[in-house]
Amino acid sequence: MKILNQAQIKQKIKRLAIEILELVLAGVNNNGTGFAKLLEKELKKITEISIQIVTIRLNPAAPLSGPIEINTPIESLKGKSIIVVDDVANTGRTTFYACKPILDIIPKKLE
């Protein structure tokens, strides 16, 4: 079952990119980071601002079974606007746990 066609997917990514403009894109695991890179590509078409991509790693099936890791020093994200990007949002559980370490450093904005 195909939900969106390729043109619709590109349109949705572009719309999201326009809404974002200044921030850190924090992709959850491999697929979330891949989606963050697609958003970055669209953002670069419409702005020259610096965009940082980081990866948050956790076990979606058991998020508390191990550490939640971010591939950059967490303090470097303090005071920044951060969007957590995941490829799926069913219950929001994985995204909720992915935000946990970011909340400790008080970002400017977290979405």
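Maximal additional length on extending the ILE9-SER81 stretch stands at 23.5 nm, based on 0.36 nm per residue less the C-alpha distance.
For the chain, the number of Lys pairs separated by eight or more positions or lying on different chains, with C-alpha atoms closer than 17 Å, is 23. Within the range 24-57, which residues have the backbone N less than 16 Å from the label spot 7 Å out from LYS100 along Cα→beta-carbon, could you tell me? Zone members listed by number: 28-29, 56-57.
Amide H contacts of ILE68 (H built 1.01 Å from N, in plane; Pro and chain starts excluded): no residue 5 or more places away or on another chain comes under 5 Å. Estimated purely from DSSP H runs of n ≥ 4, each contributing -39500 (n - 2.57), the mean residue ellipticity at 222 nm for the chain is -13000 deg cm²/dmol once divided by its residues. For VAL85, nonlocal amide neighbours, meaning residues 5 or more places apart or on other chains whose placed amide H falls under 5 Å from its own, are ALA26, GLY27, VAL28. Taking amide H as placed 1.01 Å from N in the peptide plane, LEU110 has its amide H under 5 Å from the amide H of ILE82, each at least 5 places away in sequence or on another chain. Roughly what % antiparallel, to the nearest 5, for the DSSP beta bridges in the chain? Once the DSSP bridges in the chain are tallied, antiparallel ones form about 15 percent. Couplings for the range 51-62, taken from phi via the Karplus curve 6.51 cos²θ - 1.76 cosθ + 1.60 with θ = phi - 60°, read 10, 9, 10, 10, 10, 9, 10, 7, 8, x, 6, 8 Hz in order; Gly and Pro are left as x.
Just so you know, all these numbers are worked out from the coordinates, no wet-lab data involved. Being a predicted model, the structure only gives us computed values, none of them experimental. FYI the Cβ positions are ideal-geometry reconstructions off the backbone, even for glycines, and counts take in every protein chain you see.
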